[in-house]
Structure formats: C-alpha cells, structure tokens
Amino acid sequence: MRFTIGIGSSLLVLWLAYAVWPFFTVYRLASAVEARDVAEINELVDIPALRKSLAVQIARTYLRITGAGRPGSTFEQFAIGIGTSVADPLVAKLISPSALLGLLQNGQPSGVFSDHVPPIEGLSSKALGNVWQAYANSELGIARFFVVVPFDKRLGEIFRLGFCLTGWKWKLCSTELPEQLQLRLAQELGLAAV
C-alpha cells in the first residue's frame, strides 16, 4: 500500500512540475519583451519554427482575402506552399530582432509596414494577468503548450502563442496573430507581390 501511495505521489508531483514548467518560459519571455531584451528573446524563440508558422499564416490569410482556393482544398495546400516562399522576404523582416520585439510587444513590427499601423496589446505580464488567468487561458499537451494573450480581449484581438519543448527547453515556436494584424500582413504581402 505504501509503495502504491509513493508511486502515485511521485507521479502527481511529476505531472504538476510538467504543468507548471512552461509558465516559467512564458513569464521570462514577457519580462524580456517588457525589458526590450533582444538577446533573451532570441534565446526563448525557435526562429525556424516561428518563421514557418508566420509564413503559413500570412499565405493562408492572403488566399482568404483574395478569394483564391477553398479552405482545406488541395489547391489551397498547394497555394500555401507556394505562398510561403513568396511571403519569405516579409517573414524575414518580421523575425529580425527589432521587428520581432515590436510584433510581440504591440503588434507593430519595425520596418515591416509601409504605413502606420495602430498598436494592439501584445505580450506583457499585464496581458498575461495573474497566474490563474494565464492558466485558464492556456492549453498543455505533450511537448506543446499554448497561451492566449491578452487574457481579457475577444477572439479577434488576441495572440495565441505556441511553445514547443525543444532540447529540454520550452521555446516560442508558433503564434496565431490577431485578425487585424493577419489582414495587414496579407495586404503588405499583396503590395510586395505587385
């Protein structure tokens, strides 16, 4: 009986540690964004994975606003594959250190837009809320973790940040941008393609 309780207690402690672990990275990233610490941000971001995530998102949004392809169709998948290569120069600007900082901080990546874009609330300790609000707006899977910021905004005004467990470290590997930012980036892609 003691053996079973010991194993059960150990498993519970391990599960709790696993459930809390990614929040340390989220708060470290929020602190780095607030402090404008580009070196720390680069350490906490999986740049190739984030680059791919942004390219697919921008290409998919561009197809949606131009009316090309039905969602989920084979043509759409093919067009997204081509669109990601077309979006690559824009995405390269987006993931430069200063632009990535601006994107995460207020949705205004420096040097990306051809005109002024209104700021939106991005990643900060205020946007995460307290620990319980951050937990309530998160989703934990096996080697994957998602958190929504700001916690108090409606669906079209939020960032959904995805973290992946890479080399025993949680790193930002994807982000679903707020709708207005997706549309603005897709328009910028259209301007660049012309």
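The values are calculated or read from the model by the stated rules, or taken from the named source; none is laboratory data. The structure presented is a predicted model; accordingly, all values stated were derived computationally and were not measured. Every residue, glycine among them, receives a Cβ derived from its backbone with ideal geometry; neighbour counts consider all protein chains shown. The accessibility values were calculated without ligands, DNA or RNA, using every heavy atom of the protein model including side chains. Shrake-Rupley method; radii C 1.70, N 1.55, O 1.52, S 1.80 Å.
Report the relative contact order of the stretch 117-194, percent, no decimals, based on alpha-carbon pairs under 8 angstrom and at least 6 residues apart.
Values: 100 pairs, mean separation 15.9, N = 78.
With pairs under 8 Å counted, the relative contact order is 20 percent.
One chain, two ends: S85 and A19. Fully extended at 0.36 nm per residue, the span grows by 20.1 nm beyond their Cα-Cα distance. Specify which labelled value, from [x] 61, 38, 34; [y] 71, 41, 31; [z] 65, 40, 31, agrees with Cα extents along the principal axes in Å derived from the coordinates of the model shown. So the structure-derived entry is [y]. Across the alpha-carbon atoms of the stretch 80-188, the computed radius of gyration and Dmax are 14.5, 42 angstrom. For the stretch 150-190, the equivalent ellipsoid built from the Cα gyration tensor has semi-axes of 25, 16, 4 Å, listed from largest to smallest. Normalised per residue, the accessible area of the stretch 61-131 is 51 Å², obtained with a 1.4 Å probe and no contribution from ligands, DNA or RNA.
State which helices in the chain qualify, where a helix is a whole DSSP H run, it must extend 20 Å or more along its own axis by its Cα atoms, and its mean Kyte-Doolittle hydropathy must be at least 1.0. Once both thresholds are applied, what remains is 2-35.
Each Cα pair under 8 Å and six or more residues apart adds its separation to the average, and for the chain the resulting relative contact order is 22 percent. With all protein chains in place and a 1.4 Å probe, the accessible surface of the chain carries 63 percent carbon and sulfur.
Annotation for Y135 and T166: the two label points, set 7 Å from Cα along the Cα-Cβ direction, are 2.8 nm apart.
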